[in-house]
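Participant: This is the structure I have questions about; it appears just below.
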Amino acid sequence: MVGVPKSNACRTCLRRRVKCDLTQPFCNQCTKRNLDCPGYEKRWKFMHQTKGSIQKGQQHNGRSQPQPPHREAALVRARQSIDERVEPNLAAAALDLQQKEVFCTFLLTSFPAQFASCGKRVEVNWIDYARRPLLTAPQALVWAYRALATVFIGRKYNDMNKVTCSRHMYSRALNYLAGVIQHPKFATTEEALASGILLTMYEMVDGITGASWLTHTRGLATMIQMRGQDVHRSGFGLTLLKSCRAFLVADALIRGEHCFLGEPQWRAFLSELADMESQSPKRSELGLIVDRAFIEIASCPGWLVETQRLIKADNPEARASLMQEIEFGRHRLNELQSELQCALVHQRQASILHWQSFVGPIPWDFVDPFAQSSLYGMRLGISLLSQLHVLLRADLFRRHYVTEPWDDPEMPGLQSPNPWSALDADAPEWQVRFDPEYLRDSYQIHPSGNEDWMDRIAMSMGMLGIRA
């Protein structure tokens, strides 16, 4: 319990259990013995109170009080304010409201170009969703908001206590989310997916390593596939899909797996979304070019996996089909890249009305960051597909000319390495990783120095920072 000593003596005399003469500013008892007199200020003291001590105190005072139902009730609570007595949840609601506003500030700071490019092209954006009254919001979503808002404030003002507190909030949100996704009724709700995306953002801000956010991306991919395509056609479901699609591509590249967004049915769905937006009054020609380029980028992880698989096996028909797909994807990306570059040059020289019709609802201040990051992603995608095409052709030549296993000749003073070793499917050259140092050296972007580094990766369709 919380209590205050009843005696007016200084704390040194209280501890020594001697009579204090209460001399100001220091008592004579301490002065005679050359002791440090701390003064007469009373301090709060926390005392652990058990069930037995509570009963003993009640018997001593002669008062009959009901037993507290829980251990937490043994703590003496502070006097409630009038607001809490009239409306018990008022303080918690006010705190959640402030934290949501801090989250909105975090969103605009960490994802400025992504929010500007998509915020007005969708029916419900993240800020609208965060500010809506959440009467029945799951605790996973509530604590995810709190964790992001707290870590943002802690990082901004170098307050490690707040950062530590945010980590506890993150753990709590993670535990709540684990319970939600185990329930078949709630595992596919938009609140569950939103919670997973927010926890992925937290790992980007305060992860143990630069690629800690990959912990959640596979789960996000599974949840989106479980939800199906129809719930992502409009509303906040479309916003959720656009928010995490770039990181799903990056995750697939790093793990060496197919990205489900590159499968034929999802490619058709993404094309359908682009066609629907082209008929909308909120359309943006700039945004549509990037959306159509993303359809080809989403197939890059699968093409990389298939190239590695075909190098292991001898299947000429499958190799020819894959080379044709890669060639078509590279050609399509080249077309979209040229279209975007020409549009940026000519539209700037055109009238304001033509420029406005090209950018649509995207704010003019964010057109350059959005376009340049998207062009980075297209160039990296074209470079990757060109390398895959060259590897497939080289493997074809190897199988034609090298009919026997390569053996190094044993000649003293002469080393003859196998020139085809890099084509082996198990060679280290096939490993793809997320490299923050590569971001810093090549693009002057680093998680510790750029608040919008996550935004750059998202706008590059997941290609920026991926090193093969």
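The values are calculated or read from the model by the stated rules, or taken from the named source; none is laboratory data. Note that the coordinates shown come from a computational prediction; the quantities given were computed from them, not determined experimentally. When we count neighbours, we look across all protein chains shown, and the Cβ atoms used for this are built from the backbone with ideal geometry, even at glycine. What goes into the accessible areas is simple: the full protein's heavy atoms, side chains included, and nothing from ligands, DNA or RNA. Shrake-Rupley method; radii C 1.70, N 1.55, O 1.52, S 1.80 Å.
Participant: Dipole of segment 324-368, Cα-centred, from +1 at each Lys and Arg C-beta and -1 at each Asp and Glu C-beta, to the nearest 20 debye? Kindly include the intermediate steps, with their values, before the conclusion.
Facilitator: Details: 3 positive and 6 negative charges, 24 e Å.
Computed charge dipole of segment 324-368: roughly 120 debye.
Participant: Let me ask you something else. Could you work out the Kirkwood radius for segment 299-341, taking every pair of different alpha carbons, averaging 1/r and inverting it, reported in Å?
Facilitator: Value: 11.3 Å, from the Cα pair sum.
Participant: Hey, another quick one. What's the FRET efficiency of Ser234 with His168 using the Cβ-Cβ distance as r and R₀ = 51 Å, to the nearest 0.05?
Facilitator: Computed FRET efficiency for Ser234 and His168: 0.90.
Participant: Here's something else I'd like to know. Give me the number: length gained by fully extending Gln98 to Arg393, i.e. 0.36 nm times residue separation minus the C-alpha to C-alpha distance, one decimal in nm.
Facilitator: Length gained between Gln98 and Arg393: 100.3 nm.
Participant: So for Ser171, Ser166, what's the accessible-area order with a 1.4 Å probe, most first?
Facilitator: Values: Ser171 55, Ser166 0 Å².
Most to least solvent-accessible, the answer reads Ser171, Ser166.
Participant: Turning to a different aspect of this structure: Leaving ligands and nucleic acids out of the surface, order Tyr176, Tyr202, Tyr157 by accessible area at 1.4 Å, largest first.
Facilitator: Reading off the accessible areas and sorting them downward yields Tyr157, Tyr176, Tyr202.
Participant: Return the distance in nm (one decimal) between the two label points of a simple spin-label model at Arg218 and Phe186, each offset 7 Å from Cα along Cα→Cβ.
Facilitator: 2.5
Participant: Right, another one. If I ignore ligands, DNA and RNA and count only protein heavy atoms, how much of Thr189 is accessible to a 1.4 Å probe, in Å² to the nearest 10?
Facilitator: 40
Participant: Moving on. Of Thr222, Leu304, Ser278, which is farthest towards the positive pole of segment 208-333's charge dipole, taken about the Cα centre with +1 and -1 on the beta-carbons of Lys, Arg and Asp, Glu respectively?
Facilitator: Projecting each Cα onto the dipole axis, the largest value belongs to Thr222.
Participant: Please report the accessible area of Leu396 (heavy atoms, 1.4 Å probe, ligands and nucleic acids excluded) in Å², nearest 10.
Facilitator: Taking all protein chains as shown, Leu396 has close to 80 Å².
Participant: In whole angstrom, note down how far apart the Cα centers of segment 156-178 and segment 316-369 are.
Facilitator: 40
Participant: Keeping every protein chain in place, order Arg218, Arg292 by accessible area at 1.4 Å, biggest value first, i.e. largest first.
Facilitator: Output order, biggest surface exposure first: Arg218, Arg292.
Participant: Another question, then. How large is the accessible surface of Ile311 in square angstrom, using a 1.4 angstrom probe and rounding to the nearest 10?
Facilitator: Using a 1.4 Å probe on the heavy atoms, I get roughly 10 Å².
Participant: Using a/c under 1.5 as the rounded threshold, could you call segment 131-267 rounded, prolate or oblate? The axes a ≥ b ≥ c are square roots of the C-alpha gyration tensor eigenvalues, and prolate needs a/b larger than b/c, oblate otherwise.
Facilitator: Taking the square roots of the gyration eigenvalues as a ≥ b ≥ c, segment 131-267 is oblate.
Participant: So between Leu353 and Ile208, what do we pick up on full extension, going 0.36 nm a residue minus the alpha carbon distance?
Facilitator: Between Leu353 and Ile208, full extension yields an extra 47.4 nm.
Participant: Now for a different question. Ser271 to Gln24: extension gain in nm, 0.36 nm per residue of separation minus the Cα-Cα distance?
Facilitator: Going from the current span to full extension adds 80.6 nm.
Participant: Of Lys242/Lys282; Lys120/Lys242; Lys100/Lys156, which ones are farther than 22 Å apart at the Cα?
Facilitator: Correct reply: none exceed it.
Participant: Could I ask something else about it? If R0 is 35 Å, what FRET efficiency do you get for Gln139 and Met160 from their C-beta distance, rounded to 0.05?
Facilitator: Result of the calculation: an efficiency of 0.85.
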